[in-house]
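Chemist: One structure, pasted below without further comment.
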Amino acid sequence: SGGYAIIVSPNPATSNLNMSITEAADTTTSATSNQAAKISNTAGITKMYLYDVTTGNLVKQWTYQEMQSTNYALNIAGIKAGAYLFKMERNNKTASTKIIVN
């Protein structure tokens, strides 16, 4: 089924993260439902979260009022050094990856 792949660099990071989103093809839907999905993609939001791996607490959140962009520059200045889980949500699909902050 479809989903997203995310690439975050640099990792480890200090003050900025560059994130790239790639949408994987969904081979489980019909042409009709694909058409409906494309219509819903034109208006919506992209949400990104940074969670502390040790505590599970949400550390930072970003919300973008669009879904067309595939590249984002995220400011993480002031976030303490450690391991984090980066999660993004778009169109009822999610993707996540581990981030190290120095």
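The values are calculated or read from the model by the stated rules, or taken from the named source; none is laboratory data. Owing to the predicted nature of the structure, the values given are computational and were not obtained by experimental measurement. Please note: Cβ atoms are built from the backbone with ideal geometry, for glycine as well, and neighbour counts cover all protein chains shown. These accessible areas exclude ligands, DNA and RNA; they are computed on the full protein's heavy atoms, side chains included. Shrake-Rupley method; radii C 1.70, N 1.55, O 1.52, S 1.80 Å.
Chemist: Give me the pairs: first residue in the stretch 82-102 and on the phi > 0 side of the Ramachandran plot, second residue open to solvent by less than 30 Å² (accessible area, probe 1.4 Å) and part of a strand (DSSP E or B), beta-carbon distance under 7 Å, and six or more apart or on different chains, which are they?
Modeler: Filtered contacts from the stretch 82-102: Gly82/Asp52; Gly82/Val101.
Chemist: Let me ask something else. Please find, within the stretch 61-80, the residue that is farthest from the chain's Cα centre (by Cα) out of those that are farther than 15 Å from Asn16 by Cβ and open to solvent by less than 70 Å² (accessible area, probe 1.4 Å).
Modeler: This residue is Glu66.
Chemist: Suppose the filter is within 19 Å of Ala13 (Cβ to Cβ) and touching an Asp or Glu at 6+ places or on another chain (Cβ under 9 Å); does Tyr72 pass it?
Modeler: Against the criterion (within 19 Å of Ala13 (Cβ to Cβ) and touching an Asp or Glu at 6+ places or on another chain (Cβ under 9 Å)), Tyr72 does not qualify.
Chemist: Would you check which residues across the stretch 43-59 are crowded, with 16+ Cβ neighbours inside 10 Å and either more than 14 Å from Thr97 (Cα to Cα) or within 10 Å of the chain's Cα centre (by Cα) (or both) and list them?
Modeler: Thr46, Met48, Tyr49, Leu50, Val59
Chemist: Would you mind stating whether Gly44 is small (Gly, Ala, Ser) and at pLDDT 95 or above?
Modeler: Answer is no for this residue.
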